[in-house]
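Rule-based calculations on the coordinates, nothing more; no lab input. The structure displayed is predicted, hence computed values, not measured ones. Here Cβ is always computed from backbone atoms with ideal geometry, including for glycine, and neighbour counts include all displayed protein chains.
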Amino acid sequence: MKDTYFITTAIAYPNGKPHIGHAYELIATDAMARFQRLDGKDVFFLTGTDEHGQKMQQTARAEGVAVEDLAKRNSDEFRAMGQMLNASNDDFIRTTEPRHHQTVQEVWRRMAANGDIYKDSYSGWYSVRDEAYYQEEETEVRPDGIRYGPQGTPVEWVEEESYFFRLSAYGDKLLKLYEDQPDFIGPNERRNEVISFVKSGLKDLSISRTTFDWGIKVPDDPKHVMYVWVDALTNYITATGYVEDVNGPRAKYWPCDAHIIGKDIIRFHAVYWPAFLMSAGLPLPKRVYAHGFLLNKGEKMSKSLGNVVDPVDLVNHFGLDQVRYFFLREVSFGHDGSYSAEAIATRINADLANGIGNLASRSLSMIAKNCDGKIPAPGPLTEADTAMLSIADAMLATCREEMAQQAIHKAVATIIGTVNEADRYFAAQEPWVLRKTDVPRMETVLYVTAEVVRQIAILFQPIMPASAEKLLDLVAVPEEKRNFAYLGEAGRLTPGTELQAPAPVFPRYVAPETDTKA
Ligand code: ME8
């Protein structure tokens, strides 16, 4: 029996097409899911769309379309983006699906049965863009005369009959959770932010609305639809079927190992969500990790600035694995990150074309020419050879540690560090000189280099799946020996294995004429 590993992205609002921030979250989560799969876990990776709420209804009205149609159209765009990005998700959930309505209503009933839901009337500030209630002191009136919430979105006054969740009763339990499970929230900045929010005192939360109807109905009171966040957060457990049947085929995945989300929605995931689950008597997720925001050349992306980048354009221009690599290497996961065409081009050329691409093509073409196209047999190993191999063999332990902390950029840096070491090794050993002076020694150096390329390629699979596969084809690693169990000595290349003719995997990026003139 393999250990299970359940990982999720946030489910996006399909009120528009996906943007690069959505692509970033999906790529990063996909890399984590693939890593755990290759490391022998039974992985369930979930993504999807969050289709109810006032924002969806308002957008549909503004566009003059039925809200169901808006949701379907854009949900399909998110699904297509996942395919385009080579995301390996095992399910794609839509909150409009019957399975989800059923789970959410059951969770509501359990919270009610626990005495945590009561009817009253709500009056206060609400941001439709954030789908969030704010205390007056969290808002401010700006010189334009409009009142804004803490995320810089306008708020409006709401007054209506509403059901409330007794969030105020969960403050101490939540603080105990953060204390007992220090890894519950990451990174640390976000953990501190959540702790001080909870310490400042929690008010009961309005969890239903009556002034619009695009949502999941409250059991036994269909005039009310549930607050969209009660509905949205529950998606994670819906997909496992745990609430309906703890012995169901996917129930083993609950509780979730990691919810990967953006920093703007940490409060919902680290405060409301565990409180709802505690109330309903359900197990809590193990970790909530908030990544940063992507900025275009240091500026926030916004429709009014006209700098919103379509992930499809970016991938068409630079190539999928190049874009995946760039985001995972360049941005410190957990912090904001900036991107620009120049930065992407620089990374592609430095790390991919001149780095791993060049290392693989130089060593493999020497093997093709001088070793009859077969993996050569190594002779006695020198200190330099053993040192090189131990650097490669040590990558897995380091990457495992980094990935357990969601430090994807550090795991990638570890792999690239080995590429650089191998470059130095290759240059210092000068196999092209040995070719004339000491053929057995040349064969040893080429063997060691190809073996290092093999391990780099195995570890690069979560980051750049298609390119890593090509590299593994070039060193003739059989399909069943591409997982992490074969890293290190367990999977050493077999001398005599026939190799296909080497082909370049990472071309240099050359800016099109029009770009260089601009
Ligand atoms: O918040 N850079 O949906 P959403 C990085 N439906 N990440 C970004 C980003 C950017 N520029 N912009 C957005 C919602 N994101 C809710 C979630 S989960 C139960 C419900 C991230 O479409 C954002 O932080 O506004 C979030 O994690 C995800 O994209 C979806 O955002």
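A few points about this structure:
- Across every direction, the projection of the convex hull enclosing the Cα atoms of the range 350-498 has a mean area of 8.2 nm².
- Contact order normalised by residue count of the chain, Cα under 8 Å, 6+ apart, percent: 15
- Pairs with C-alpha atoms separated by more than 28 Å, drawn from the list Lys17/Lys470; Lys199/Lys252; Lys374/Lys470; Lys2/Lys176, are Lys17/Lys470; Lys199/Lys252; Lys2/Lys176.
- The dipole here belongs to the range 350-498: it is taken about the Cα centre, uses +1 on the Cβ of Lys and Arg and -1 on the Cβ of Asp and Glu, and is about 240 debye.
- The dipole here belongs to the range 79-144: it is taken about the Cα centre, uses +1 on the Cβ of Lys and Arg and -1 on the Cβ of Asp and Glu, and is about 460 debye.
- Prolate/oblate/rounded call for the range 66-157, Cα gyration tensor, a/c under 1.5 rounded: oblate
- The gain in end-to-end length when the Val433 to Glu480 segment is fully stretched comes to 13.3 nm, 0.36 nm per residue minus the alpha carbon separation.
- Sparsely packed loop sites in the range 409-518 (the trypsin sites (Lys or Arg not before Pro) outside DSSP H, G, I, E and B with at most 16 other Cβ atoms within 10 Å) comprise Arg492, Arg508.
- Local charge for Ala503 was computed over the other residues whose Cβ lies under 14 Å away, with Lys and Arg +1 and Asp and Glu -1, and equals 0.
- The range 73-232, Rg to Rh (Cα coordinates; Rh as Kirkwood inverse mean 1/r): 0.99
- Proxy reagent accessibility, fewest Cβ within 10 Å first, across Leu46, Leu320: Leu320, Leu46
- Dmax and Rg, reported as Rg then Dmax, of the range 117-205 (C-alpha, Å): 15.2, 45
- Among residues other than Lys119 with Cβ under 14 Å from its Cβ, the summed charge is -4 (Lys and Arg +1, Asp and Glu -1).
- DSSP beta bridge pairing in the chain, given as percent antiparallel to the nearest 5: 55
- For Val246, residues with placed amide H under 5 Å, excluding near neighbours: none
- Förster radius 41 Å - calculated FRET efficiency between Thr4 and Glu498, Cβ distance, rounded to 0.05: 0.60
- The orientation-averaged projection of the convex hull spanning the C-alpha atoms of the chain amounts to 27.4 square nanometres.
- Under 18 Å from the Phe212 label point (7 Å along Cα→beta-carbon), backbone N, the range 228-260: 228-233
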